[in-house]
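Data first, discussion second: the structure below is written as structure tokens.
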Amino acid sequence: MTTASAPGGSAFAPGASKGASKGAGTGKGAGTGTGTSTGTGTGAGTAAPVPAATSAAVAPVTSSGADAATAARGAGARARRRPGLAWLGLTPFAAYVLLFLAVPAVIAVGSGFSTGDGRFTLANLAALRDPSVLRAFAGSFGLSAVSAVIGAVVGALVCWALAALRPDGLVRSMIDSAASVLAQFGGVMLAFAFIATIGAQGLVTTWLVSAFGLDLNANGTLLYTVPGLVIPYVYFQVPLMVLTFMPALEGVKPQWGEAAATLGASRATSWRRIALPVLAPAFWGSLLLLFANAFSSFATAAALISQGGIVPLTIRAQLTSETIIGLQNVAGVLALGMVVVMAVVMGAYSLLQRRAARWQR
């Protein structure tokens, strides 16, 4: 469209507005080709006809663009319909999960519903009311809850301190690497490390006795009891909390605090009214993950405690010798109880993670 400007003015001068009204009212601009005279300004309402050559040149471009869009949609649809060879990469992992996790779990739980000769029965579920089994579940719940709470609080404080460091800095990289390693450091190695440190003749134990007269094992070796398991459990709970909670803390945007400060909120108010509500689902979800991690741990406790006291050790005792008279396959019943607890905990963890993910996008 060709626009004629009024002498000594812009395209949005008062004369241009008058010409626009006149052109729109009479509708004569379409026949004149270039608009009205310069005395009345430009005729914004008049439109010059598009030459045939221009129309012919535009048409192929529009047609080719539509064809390209159609072809792209067709290719995308075919890509969605064809799984491709990428799915084959999941085959080893799927086989591992099936052979070493799913099948053993089904066999373990299913054995709780069978008698010694393989017949189906529900009588074995009565073992869940046995006092020794109830004590084992109470010990597991207490140990898991205490270690999870301590690990969550300490780990959250570590994350808060790490948030002030540069993400690509040396200290931050070293702590992240150490957390990844120590979160998986358990079993016999961890048990031996604590035996050498705070065991009956451990380095820290003997030093406290000689220096301060403080004996950690005055009432028996603390490390070989269920309450004493809290110490090694916290050792791998804190790094796990750092790994799971740090992404949520990094998702808190500085713009939220700046906006609150602009409205007159203090730093404490910003944390209380903005950051903490946003981080709460991630914190509780990480706490549940730590609880599940402690509830299912076996190797460290088995290396330190020979008898029962928690559910995994009670299952081991039932596999080696049936200690509940009149019932069979009690280990399978205990495994069923653990599966139910883990399913509830992990279900709640998934719900909290989905809620927390909304603020990390």
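The values are calculated or read from the model by the stated rules, or taken from the named source; none is laboratory data. Model, not experiment: these values are computed from the prediction. A quick note on method: Cβ atoms are made from the backbone with ideal geometry, for glycine too, and the neighbour counts reach across all protein chains shown. For the accessible areas, the whole protein counts, side chains as well, though only heavy atoms, and no ligand, DNA or RNA atoms are used. Shrake-Rupley method; radii C 1.70, N 1.55, O 1.52, S 1.80 Å.
For segment 150-198, the spread of Cα positions along the three principal axes, ordered from largest to smallest, is 36, 22, 17 Å.
Can you give the FRET efficiency for K253 and L203, using 1/(1 + (r/R0)^6), R0 = 45 Å, r = Cβ-Cβ distance, to the nearest 0.05? Numbers along the way, then the final one.
Details: r = 46 Å, r/R0 = 1.03.
About 0.45, to the nearest 0.05.
Rolling a 1.4 Å probe over the protein chains gives R358 an accessible area of about 120 Å².
Computed packing ranks the peptides 143-150, 303-310 as 143-150, 303-310, most packed first, by mean other Cβ atoms within 10 Å.
Modelled label positions at L98 and A343, each set 7 Å beyond Cα in the direction of Cβ, lie 2.2 nm from each other. At the residue level, E250 shows approximately 100 square angstrom of accessible surface with a 1.4 angstrom probe and all protein chains present. Amide H to amide H distances under 5 Å link S114 with T121, where only residues 5 or more positions off or on other chains count and H is placed in the peptide plane.
Cα-based radius of gyration for segment 280-361, normalised by 2.2 N^0.38 Å, reads 1.41. Measuring only protein heavy atoms, the 1.4 Å probe finds S270 accessible over about 20 Å².
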